[in-house]
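The values are calculated or read from the model by the stated rules, or taken from the named source; none is laboratory data. Remember, it's a predicted structure, so these values are computed and weren't measured experimentally. For neighbour counting, all protein chains shown are included, and Cβ atoms are generated from backbone atoms with ideal geometry for every residue, glycine included. Heads up: the accessible areas ignore ligands, DNA and RNA and are worked out on the full protein's heavy atoms, side chains in. Shrake-Rupley method; radii C 1.70, N 1.55, O 1.52, S 1.80 Å.
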Amino acid sequence: MKLTFYGAAREVTGSCTLVETAKSKILVDCGMFQGSHVASSKNFSDFVFDPTALDAVVLTHAHMDHCGRLPKLIKDGFKKTIYATEATKLIAGIVMEDAVHIMEEDFERSGRPQLYDANDVQRTLIKFKDTPYHTPLRINDVTIRFFDAGHIFGSSFIEIKADSGKTVIFSGDVGNKDVPIIRETETIEHADAIVTESTYGNRIHEGKVERFKQLQEAILDCVEKKGVLLIPAFAIERTQHLLYEINQLVETKKIPCIPVYLDSPMAIKVTKVMEKLSAYYDKEALEHISHGDNFLSFPCLHLTHTRDESKTINTSPSPKIIIAGSGMMNGGRILHHLIRYVGDRSTTILIIGYQASGTLGRRLYSGEKNIRIFGKRISVRARVKAIGAFSAHADQKKLLSWIGNIKPRPKLVLCNHGEEEASVALGTRITEKFGILSKAPKFGESFEI
Ligand SMILES: [Zn+2]
């Protein structure tokens, strides 16, 4: 079995790996490169492999950096099936449609060409086939199974077993521990090689209690200053995780019920999908719904669908909490709120997710005091605070225990989906701790398993 890395190689975005066996060519994920303009221009390059020669695509989850180039793959001639869980299919549809929307706006504003359009997304969605967890899927000489990765709703790690006897696991993205609503990452039964994400391969997150306390403090601080708490949130999972914890803080009276605006049409749509598909819930979430408690809703929560509704947030009195996309502040409604509030000392920007290099989020996170939005220079007076434990990604400790639990040990671990430093750090720890050979693949690099 041969693996070749065509994305997320010593960087976080653009996941795309080709698996070749004697009789099959399977693509694992086909994600968008995100971050700087250099990164996004890579999306327009031709695929290095031939899309018409592929036998299937297996999709780990619905995040843009894993599914975002699928419509381009179809435009470039891919004709077969895309296998994914039902939740992944539904959410990927929302994500790709939103991407088209952003591309259209971008085109209107700057004339930048669109990578694909709404028709291409529709042609992609009809290629999806629901693939439940654990059910073996047979393609030529390989058997494939999906397992719950505990990362976002419907997320999977994927086992590919070739008739030659070799088994490879693709982690997709591995979930953080103690994340509400979704289930814990399943354990790996057996593998000769693992391809693991390493987004936080060199970091340890705070625990659940600390996370809850820091969120409470940030909200109470906002109440005291009569300010604005701006939370740039990824629409999938992170937003719902946040709503779940704010709901708990309100219900237990740990915070007053100040207005919370969910200003993201995409997050509202994803929340609706999550409310429908209770088959993916963890035990605690199932218990809530058995008592008739909608854990994603509370009295002071306002959903703003349209632009006009969004504009009314500006005139509503403070203190208030605004949750808006995009999560890395490189687009979306959060930019309009930043223009209005980032120059104000009573504002706090609460960062709860990964900020790729080249994004506005990363610049704010790094403490830059002068930023530019839509060509306007703005001085940053707002406080910027980050809570790592809201991450949807496992930290080094969890990745090590997930891989360390496999017996007998795999012979090779390939660390992808991380900035070079994080991928190399995780690989080094894996070799030191378990004696397993590890590598951080480069773009275009192949490995024979
Ligand atoms: Zn992800």
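Exactly one residue out of 285, 356 is in a helix (DSSP H, G or I) and hydrophobic (A, V, I, L, M, F, W, C): that is 285.
For every residue, the table says whether it meets (1) open to solvent by 10 Å² or more (accessible area, probe 1.4 Å); (2) part of a helix (DSSP H, G or I); (3) of a type in the set (A, V, I, L, M); (4) in contact with a His (Cβ under 8 Å, 6 or more places away or on another chain).
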residue	(1), (2), (3), (4)
219	no, yes, yes, no
236	no, no, yes, yes
239	no, yes, no, no
248	yes, yes, no, no
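Yes/no matrix, rows are residues, columns are (1) among the aliphatic types (A, V, I, L, M); (2) touching an Asp or Glu at 6+ places or on another chain (Cβ under 8 Å); (3) open to solvent by 20 Å² or more (accessible area, probe 1.4 Å):
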{"residue": "346", "(1), (2), (3)": "no, no, yes"}
{"residue": "357", "(1), (2), (3)": "no, yes, yes"}
{"residue": "361", "(1), (2), (3)": "no, no, no"}
{"residue": "370", "(1), (2), (3)": "no, no, yes"}
{"residue": "384", "(1), (2), (3)": "yes, no, yes"}
{"residue": "391", "(1), (2), (3)": "no, no, no"}
{"residue": "396", "(1), (2), (3)": "no, no, yes"}
{"residue": "414", "(1), (2), (3)": "yes, no, no"}
{"residue": "419", "(1), (2), (3)": "no, yes, yes"}
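Take the conditions (1) in contact with a Lys or Arg (Cβ under 8 Å, 6 or more places away or on another chain); (2) crowded, with 19+ Cβ neighbours inside 10 Å; (3) hydrophobic (A, V, I, L, M, F, W, C); residue 434 misses just one of them, which is (2). Annotation note: of 147, 157, 153, the sole residue that is surrounded by 16 or more Cβ atoms within 10 Å (Cβ to Cβ), assigned to a loop (DSSP other than H, G, I, E, B) and within 20 Å of the chain's Cα centre (by Cα) is 153.
Within region 351-375, if we keep just the residues that are in contact with a Ser or Thr (Cβ under 8 Å, 6 or more places away or on another chain) and within 18 Å of residue 229 (Cβ to Cβ), the residue that is modelled with the lowest pLDDT turns out to be 353. Note on region 1-109: enclosed helices (runs of 4 or more DSSP H) holding 2 or more residues that are away from the ligand (no atom under 16 Å from the Cβ) and surrounded by fewer than 23 Cβ atoms within 10 Å (Cβ to Cβ) are 37-42, 70-75. Residue 340 satisfies every condition listed in (1) under 29 Å from residue 210 (Cα atoms); (2) modelled with pLDDT of 95 or more except (1).
Filtering region 392-410 to residues that are within 21 Å of residue 241 (Cβ to Cβ) and away from the ligand (no atom under 16 Å from the Cβ) leaves 396, 397. Checked against (1) modelled with pLDDT of 95 or more; (2) surrounded by fewer than 20 Cβ atoms within 10 Å (Cβ to Cβ); (3) not in a strand (DSSP E or B), residue 378 passes all but condition (3). Of the residues 228, 179, 168, 195, which is open to solvent by less than 10 Å² (accessible area, probe 1.4 Å) and in contact with a helix residue (DSSP H, G or I) (Cβ under 7 Å, 6 or more places away or on another chain)? Matching residue, one of 228, 179, 168, 195: 228.
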